[in-house]
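Just so it is clear, none of the values below were taken in a lab; they were calculated from the coordinates. The shown structure was predicted, so the numbers you read here are calculated from the model rather than taken from an experiment. Virtual Cβ from ideal backbone geometry, glycine too; neighbours counted across all protein chains shown.
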Amino acid sequence: MIKPFAEACERNQQPILEVIQPLLEDKKHLLEIGSGTGQHAVFFAEKMPHITWQTADMLENHEGIHLWLKEASLNNILPPIELNAFTFDWSEQTYDAVFTANTAHIMPWSAVELMIPGVGKTLKTGGLFIIYGPFNYNGKFTSESNERFEQWLKNADPERGIRDFEAIEKLANVNGMHLLNDYEMPANNRILVWEKG
């Protein structure tokens, strides 16, 4: 198998790092939901050697993640665990932080409704939930390009779609997390950060 490569990861990893690195200075154990190709894990773990980075994704993506991890040969990245929001046992392990990028609009809303309570369970008190991607505000797209992207997502799978910030915020609040910050990112994306109380 050829090592998978996502151009979007290459493009967004430095801007994401600039936001999350200061937030994660005192964090030790992080769970990444939806590690995808494994590119983000390798890039961020190398830049933040104090963090043990737990990769996680659906089983079909594990082979590609393993290829990235093997090449990087970093001792602070753990091999991927199988994470399906519908079946995953969130109470098995606790983390100081949970990071996920470009997942909420790909997974069905019913999976998002399970993921966020799961994050609330797996985070230690004072832990951070960091989510990167596009979001709508007050039911409206933030750009024409996001509106076009939504159409592309729906054509691929009607259950996909850019999520409303307010719906995510409500789920986070109900599950013991309060919003710390909402960062504007390049290409009409955001980084949302919640802290578990």
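Counting only DSSP H runs of at least 4 residues, each contributing -39500 (n - 2.57), and dividing by the residue count of the chain, the helix-based mean residue ellipticity at 222 nm comes to -11500 deg cm²/dmol. Between Val174 and Glu147, the modelled label-to-label distance comes to 3.0 nm, taking each label 7 Å out from Cα in the direction of the beta carbon.
For the range 82-132, the normalised intensity computed at q = 0.17, 0.21, 0.30 Å⁻¹ comes to -0.48, -0.74, -1.32 (log10 of I(q)/I(0), Debye sum over alpha carbons, equal scatterers, no solvent). Residue ranges 15-24, 47-56 sort as 47-56, 15-24 when ordered by packing (mean number of other C-beta atoms within 10 Å per residue, highest first). The lysines within cross-link reach of Lys154, meaning a Cα-to-Cα straight distance under 21 Å and a gap of 8 or more places when in the same chain, are Lys140. Based on the Stokes-Einstein relation at 4 °C and a viscosity of 1.567 mPa s, and on the Kirkwood radius from alpha carbon pairs, the range 21-108 is assigned a translational diffusion coefficient of 98 µm²/s.
Pop out the Kirkwood hydrodynamic radius of the chain from its pairwise C-alpha distances, inverse of mean 1/r, in Å to one decimal. Intermediate results must be reported in sequence, preceding the final value.
Values: mean 1/r = 0.0591 Å⁻¹.
Kirkwood hydrodynamic radius for the chain: 16.9 Å.
Counting pairs of Cα atoms in the range 37-86, how many percent are more than 14 Å apart? Walk me through the numbers before you get to the answer.
Numbers: 522 of 1225 pairs.
The calculated P(r) of the range 37-86 puts 43 percent of pairs beyond 14 Å.
Among the trypsin sites (Lys or Arg not before Pro) in the range 1-43, those placed in a DSSP loop whose Cβ has at most 14 other Cβ atoms within 10 Å are Lys28.
Applying a 10 Å radius around every beta-carbon, put 112-122, 29-39, 58-68 in order of their mean neighbour count, most first.
Numbers: 112-122: 20.2, 29-39: 24.5, 58-68: 17.0.
So the peptides 112-122, 29-39, 58-68, ranked by packing, come out 29-39, 112-122, 58-68.
Listed by chain and number, the lysines whose alpha-carbon sits under 16 Å from that of Lys47, ignoring those within fewer than 8 places in the same chain, are Lys27, Lys28.
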